[in-house]
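Trainee: Dropping a structure here in structure tokens format, bear with me for questions.
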Amino acid sequence: MPQPVVHLSSVLRSPLLDRAGDRLGRVEDLIVRLADGGYPPVTGLKARIGGRELFVPADRIASLAPGAVRLSGEKLSLGRFERRVGEVLLGADVLGRKLVDVEADPPRLVTAHEIELACIDGWWRVVGVDHNARAQLRRALPRRMRGLVADRPFLDWSDMEPFVGHVPSSRLHFSHRKLANLHPAEIADLVEAASHDEGEEIIEAVAQDRELEADVFEELDEHHQLEFIRERPDTQVAAVVARMAADDAADLIVEIDQERRGRILALLPPAQREQIEALLDYNPSTAGGLMSPDFISLAPADSVARAIEKVRASDLAAGTLTTVYLIDLQGRLRGSVFVVTLLRADPRRGLEEVAEREPVWVATDADLPEVARMMTDYNLVMLPVLDGEERMVGVVTVDDVLELTLPAGWRRRFGLVRD
């Protein structure tokens, strides 16, 4: 950045000078409006003059430099400082606190050990965050010794998403738009790495998109799922559960207290409640407990064109939409076809002509090692599950198997969200 960069810590508690260079008081904090997006402009100063906290508008700042801020003009309003809607104090509300670096790969939490300012087009703006421990050391040193600590490259503010839940004037006026662009699993990682209040703020932010909120809940570990629904009323919990996949919803419901479980189930749409209650009858560590009841099925006599049409109309997750199954009138599995096979086949052909006639499957009581072995041996990402009468009742997907076979805490182990 060609403009000279000023550290926030070099301005806080520095002398506030008048036009002639005489000391009026000191700078207590800098005020910005984060809701403006981009590089937030400094809209004013919180100053202490004669024992009073006063507001100094940005247009009165003649110069802002390390160690002193000089004002312009001859007169200064003596109105007391009061927060206005959307305003954030950089020192009190952001410095030393965590932010989300949404452009890191993967996204991570970082601590704002220093905040960087630069004058752009006549406005002082927040341009970056230094999360390095050297910045923390520099802040701890006496002002005259801070120059001994070399500057390091800092993170671009436009890549940051700050937490503002603790700021009364901004809590309802900041949308966390950048978070919505992350994958639900990345957002869940951030929630799990954050404090409870920070995690709650992330959950509240993504709740503006109800589908995204449900996707994030599906990705959270059991501990954090329970942590964030414990304080919510039954109606809100039911609204989240209603948008979750049936197997993930069942996994969550089974961990809720028995008394509350019944109340939440009663608030769900009848069809989904029936699906979840059916899944709750199986041992969670068996194929029946792992499976999802959602899959695409067609009659053996249907055509390839009909199958492709049904795939296009499906709202199943694209990552699990790899296979369609041939089911007879009694609900028995008669074959399976990969979606890619459908795309390569003549649309006029019948499904029986292109299907695997003897697809691999497991019973509802098959244990996890058996399920994993079958999927590995046959290179499957979806495995049909049949009940005692050989009727197809669901599919186990590879992500559910991986979730149970990978070591506990594996996301943290590889430092995906470490500062």
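Trainee: Return yes when Gly25 is under 30 Å from Ala180 (Cβ atoms) and among the small types (Gly, Ala, Ser) and no when it is not. Lay out the reasoning, then the answer.
Mentor: On the way: under 30 Å from Ala180 (Cβ atoms): no; among the small types (Gly, Ala, Ser): yes.
No, not satisfied.
Trainee: Identify all residues within the stretch 181-199 that are assigned to a loop (DSSP other than H, G, I, E, B) and farther than 15 Å from Thr111 by Cα; write none if there are none. Break it down stepwise before answering.
Mentor: Let us first name the residues in the stretch 181-199 that are assigned to a loop (DSSP other than H, G, I, E, B), namely 182-183, 194-195.
Answer for the stretch 181-199, where residues must be assigned to a loop (DSSP other than H, G, I, E, B) and farther than 15 Å from Thr111 by Cα: Leu182, His183.
Trainee: Can you work out which of the residues in the stretch 30-63 that are more than 15 Å from Val127 (Cα to Cα) and among the acidic types (Asp, Glu) is most open to solvent (accessible area, probe 1.4 Å)?
Mentor: Among those that are more than 15 Å from Val127 (Cα to Cα) and among the acidic types (Asp, Glu), it is Asp59.
Trainee: Residues in the stretch 237-247: is at least one among the aliphatic types (A, V, I, L, M) and touching a residue at least 40 places away in the same chain (Cβ under 8 Å)?
Mentor: Narrowing the stretch 237-247 to residues among the aliphatic types (A, V, I, L, M): 237-242, 244-246.
Checking the rest, the ones that are also touching a residue at least 40 places away in the same chain (Cβ under 8 Å) come to 245-246.
The answer is yes, given that some residue of the stretch 237-247 is among the aliphatic types (A, V, I, L, M) and touching a residue at least 40 places away in the same chain (Cβ under 8 Å).
Trainee: Restricting the stretch 64-84 to residues that are in contact (Cβ under 8 Å) with a residue 60 or more places away in the chain and assigned to a loop (DSSP other than H, G, I, E, B), which is most open to solvent (accessible area, probe 1.4 Å)? Talk me through it step by step, then tell me what you get.
Mentor: Taking the stretch 64-84 first, the residues in contact (Cβ under 8 Å) with a residue 60 or more places away in the chain are 64, 66-67, 83-84.
Retained after the next criterion (residues that are assigned to a loop (DSSP other than H, G, I, E, B)): 66-67, 83-84.
On the way: Pro66: 92, Gly67: 25, Arg83: 91, Arg84: 119 Å².
The qualifying residue most open to solvent (accessible area, probe 1.4 Å) is Arg84.
Trainee: If Ser297 satisfies all but one of (1) closer than 29 Å to Tyr282 by Cβ; (2) open to solvent by 30 Å² or more (accessible area, probe 1.4 Å); (3) in contact (Cβ under 8 Å) with a residue 12 or more places away in the chain; (4) assigned to a helix (DSSP H, G or I), what's the number of the condition it fails?
Mentor: The single condition Ser297 does not satisfy is (4).
Trainee: Can you pull out the residues in the stretch 85-112 that are in a loop (DSSP other than H, G, I, E, B), out of contact with any Lys or Arg (no Cβ under 7 Å at 6 or more places or on another chain) and at negative phi?
Mentor: Filtering the stretch 85-112 for residues in a loop (DSSP other than H, G, I, E, B) gives 85-86, 95-97, 102-107, 112.
Subset that is out of contact with any Lys or Arg (no Cβ under 7 Å at 6 or more places or on another chain): 85, 95-97, 103-107.
Answer for the stretch 85-112, where residues must be in a loop (DSSP other than H, G, I, E, B), out of contact with any Lys or Arg (no Cβ under 7 Å at 6 or more places or on another chain) and at negative phi: Val85, Leu95, Arg97, Glu103, Ala104, Asp105, Pro106, Pro107.
Trainee: Would you confirm, using the coordinates I've provided, whether Ile308 is buried (at least 20 other Cβ atoms within 10 Å of the Cβ) and not in a loop (DSSP other than H, G, I, E, B)? Even if it seems obvious, please write down each step before you answer.
Mentor: On the way: buried (at least 20 other Cβ atoms within 10 Å of the Cβ): no; not in a loop (DSSP other than H, G, I, E, B): yes.
It is false that Ile308 is buried (at least 20 other Cβ atoms within 10 Å of the Cβ) and not in a loop (DSSP other than H, G, I, E, B).
Trainee: Now for a separate question. Take the residues of the stretch 289-310 that are under 30 Å from the mean Cα position of the chain (by Cα) and among the small types (Gly, Ala, Ser): which is nearest to Arg332 (Cα to Cα)?
Mentor: So, considering only residues that are under 30 Å from the mean Cα position of the chain (by Cα) and among the small types (Gly, Ala, Ser), the one nearest to Arg332 (Cα to Cα) is Ser292.
Trainee: Thr397 passes all but one of (1) within 12 Å of Pro293 (Cα to Cα); (2) at pLDDT 95 or above; which number fails?
Mentor: (2)
The values are calculated or read from the model by the stated rules, or taken from the named source; none is laboratory data. Worth saying up front: this structure is predicted, and the values here are computed from it rather than measured. Please note: Cβ atoms are built from the backbone with ideal geometry, for glycine as well, and neighbour counts cover all protein chains shown. With ligands, DNA and RNA removed, areas are computed over all heavy atoms of the protein, side chains included. Shrake-Rupley method; radii C 1.70, N 1.55, O 1.52, S 1.80 Å.
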